[in-house]
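The values are calculated or read from the model by the stated rules, or taken from the named source; none is laboratory data. Keep in mind that what you see is a predicted model, and the values were worked out from it rather than measured. Please note: Cβ atoms are built from the backbone with ideal geometry, for glycine as well, and neighbour counts cover all protein chains shown.
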Amino acid sequence: MAEQLQDSQGEVTESQPRKFEYKLKLARFLLTSYIALPLVFVQESSSLASQLLLTGLITYLLIALVVTFSPFIEKGLTRSLTLCADGFALGIVSWLAQSVVYGIESLGFLVICATITTQFRSLSTAIIFAALGAAGTWYFSPIYNLPEIIRWEYNLPAMVCSGLMVAYAVLFLHQHGQKITKTKEEYSELERKQVELKFQLYQVSKYMSPSLRKKLSRPRDIQPGTVRKRLTIFFSDLVGFTKMSENMDPKDLNFVLNSYVNEMSTVAIEYGATIDKFMGDGMMVFFGDPQSKGTKEDAVQCVAMALEMQKRMPKLLAKWREMGIDADLHIRMGINSGFTTVGNFGSNNRLDYTALGAEVNLASRLESNAKVDSIYISSATNLLIGDKFLTESVGEISVKGFSEPVSVYQVVGKRNAASQERRYSNLNIDGFSLYLDLDSMPNYNQNKAYEALLAAANKVKNFQDK
């Protein structure tokens, strides 16, 4: 797609009217001819100043013609200097010709030359030079007896040159307008292609986490390469999903899985996790790359994310039941912290951004050994989050690839809430479903909830007494 955008830009660049050198040469030839023509009618004068002035103007005309038909004029600096020199000469001859019409017409040629070369800033300087040339000639004319040129408005050469200038200006503006119109059309096409490309990139970006998208958006070539970094790795799995998928309608199964993955990935993004991959109903994320808040804070964020996911699960179950889907699903999670190899694995044609190593395997084993609706963490993670969360030891487990048994801890909750009664509760059994979240329940609904629970408890008690 990047090559597609580059090719599109290349096509438009080639079609842009970048070089008007042949038009510039013609315009400057007409301009110098226009300046030279009044000098033919100059009256003879023996004044040394007049002779020097005429010699200087003729020298300028010769140099201007040489510069015009040489490749040197293609350089931007030379274009600026020639515009200023043209302006100065125009100012001198315009005053000698004693004609406002001549000055305006010759200045029009100067504007055309500046337009062709896009030297708009130099044009203002050239006009200033033209004013200086006219003012200087006006000042020195009576002092040094400069020659007088017959009035320019009423002779045939003036009308012929004026006609040529007008014809050339019309031709130039017409061709230039066509070029601009064509360029606008090509840019419109380029913008359309860019919109399509952005949409394609947006679709592709859905296959990667926001942190990875931000990393890849930097203007640099992505190559295979890895680093050793200390990460906190998280694995989760839906208990009961495989059995449920054997008997559930495919549409309902797809809805359950998609809504679960969407909910859990939203939580992961909120806590700044890098989503590595989805494995059916399983999920792997990690903290610490490409962005990290520090080893301790990464672990704290990971455990906080796991608790939030655990809290969101009853809401999903309630949502599925409202739609008539009896999904008896439970989540279990495993977390470990340690040094891993993380980065781009693969070839120049196909890369996979992931983390590998024994610490990743341990996080996966903790998840597979975790009880239903529980979060198992390693001793390394427990040391990092012990001051923020309440945990309890569940003993040691033997893990493939580790010579010694691994100490395992279960996350109970936030430490600052350990001495308080839990503010949410959920229970899902046959004939009974309860989801209670006091943190999200408004105060005006608490009495209603209490009355509903009390009424339900009385019904159960009355049924048992019968």
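General observations
- Test: residue in the range 253-268 that is of a type outside the set (A, V, I, L, M), in contact (Cβ under 8 Å) with a residue 60 or more places away in the chain and under 24 Å from SER337 (Cβ atoms): no
- Single unsatisfied condition, ASP352 versus (1) without any contact (Cβ under 8 Å) to a residue 12 or more places away in the chain; (2) under 28 Å from ASN247 (Cα atoms); (3) in a strand (DSSP E or B): (2)
- Matching residues in the range 255-307 - criterion: being over 22 Å from LEU356 (Cα atoms) and either surrounded by fewer than 15 Cβ atoms within 10 Å (Cβ to Cβ) or of a type in the set (Gly, Ala, Ser) (or both): ASN258, SER259, ASN262, THR266, GLU270, ALA304
- Conditions (1) modelled with pLDDT under 75; (2) touching a Phe, Trp or Tyr at 6+ places or on another chain (Cβ under 8 Å): number failed by TYR202: (2)
- Qualifying strands (runs of 3 or more DSSP E) (wholly inside the range 391-451; at least 2 residues being closer than 30 Å to ARG365 by Cβ, in the same structural domain as ALA327 (by TED's automatic domain parsing) and modelled with pLDDT of 70 or more): 406-414
- Residue within the range 161-177 that is more than 27 Å from LEU81 (Cβ to Cβ), at pLDDT 65 or above and either assigned by TED's automatic domain parsing to the domain that holds THR82 or among the β-branched types (Val, Ile, Thr) (or both) present: yes
- The requirement of being part of a helix (DSSP H, G or I) and either of a type in the set (S, T, N, Q) or modelled with pLDDT under 80 (or both) is satisfied by SER94.
- Leading residue by the ranking (farthest from VAL360 (Cα to Cα)) among those in the range 373-390 that are touching a residue at least 60 places away in the same chain (Cβ under 8 Å) and among the charged types (D, E, K, R): LYS388
- Residue match in the range 101-118 (condition: surrounded by fewer than 20 Cβ atoms within 10 Å (Cβ to Cβ), within 54 Å of the chain's Cα centre (by Cα) and assigned to a loop (DSSP other than H, G, I, E, B)): yes
- Qualifying residue in the range 214-225 (condition: modelled with pLDDT of 70 or more and either assigned to a helix (DSSP H, G or I) or touching a Gly at 6+ places or on another chain (Cβ under 6 Å) (or both)): no
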